[in-house]
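I have placed the structure first, in the form of structure tokens, so that the comments after it can refer back to it.
Read the figures in this text as sums done on the coordinates, not as results from a lab. Quantities reported herein were computed from a predicted structural model and do not represent experimental measurements. Virtual Cβ from ideal backbone geometry, glycine too; neighbours counted across all protein chains shown.
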Amino acid sequence: MIEDFIIAFLWSISPFGEAKVGIPYGLLKGLDKYLVFTICLIANVLVFPLMFFFLEKINKYLLRMHFYKKSALYVARKAKTGSGDKIKKYGFWGLIFFVMLPVPGTGVYAGSIASYLFKIEKKKAFLANTIGIFISSVIIWVTTILTMKGVQ
């Protein structure tokens, strides 16, 4: 059982799923719905400081490598074109909306990169990302619970 909580946590901190995968995984494994929500939410919120540490400290060294630089520029362009207009126009609220959409390509990883690229104040960006993660997690949590009830 503890293994399932760990896997839900790891999915929630992973760029391949975030809480959008961690929450359904935990619920489908029969774990306590409130504990799953809390653990997955915390894991997903932890992504922001980890991403900012990476972007501020490690990224500048890796940019010296051609392959990394090419990949980083690709990701930066995608982040700017995918979210740039909304975040530039609506700022804090645009960032919340972008992070809260429970669809692929949005979330705290993309929100962190966008926050960094658009030089949004770190505290504001953290708050916007956290609110967005919370709303997205509630949507996923409720939808999964209701879907599971419909299947039973």
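Checking (i) 11, 37, 31, 13, 7, 1; (ii) 12, 46, 36, 6, 0; (iii) 12, 39, 31, 15, 3, 0 against the coordinates, the calculated P(r) over Cα pairs in 10 Å bins from 0, in percent falls under label (iii). Excluding same-chain neighbours fewer than eight residues apart, the aspartates and glutamates reachable from residue 70 by a Cα-Cα span under 20 Å are 56. Taking 0.36 nm per residue of sequence separation and removing the Cα-Cα distance, the residue 67/residue 7 pair yields an extension gain of 18.5 nm. Only one residue of 10, 118, 23 has its Cα farthest out toward the positive end of the dipole of segment 1-118, where Lys and Arg carry +1 and Asp and Glu -1 on Cβ, and that residue is 118.
The angle between the Cα long axis of helix 19-28 and the longest principal axis of the Cα atoms of the chain comes to about 10 degrees, rounded to the nearest 10. With the charge dipole of segment 2-151 set up from +1 on Lys and Arg Cβ and -1 on Asp and Glu Cβ about the Cα centre, the Cα lying farthest toward the positive end among the listed residues 147, 87, 47 is that of 87. Computed from the C-beta positions of residue 74 and residue 54 and an R0 of 22 Å, the FRET efficiency is 0.85 to the nearest 0.05.
Of the cross-linked pairs 88/149; 89/149; 69/123; 29/86; 29/124, which ones have a Cα-Cα span greater than 29 Å in the structure shown?
Cα-Cα > 29 Å for 88/149; 89/149; 29/86; 29/124; rest within.
Applying the criteria of a DSSP loop state and at most 14 other Cβ atoms within 10 Å to the trypsin sites (Lys or Arg not before Pro) of segment 1-45 yields 29.
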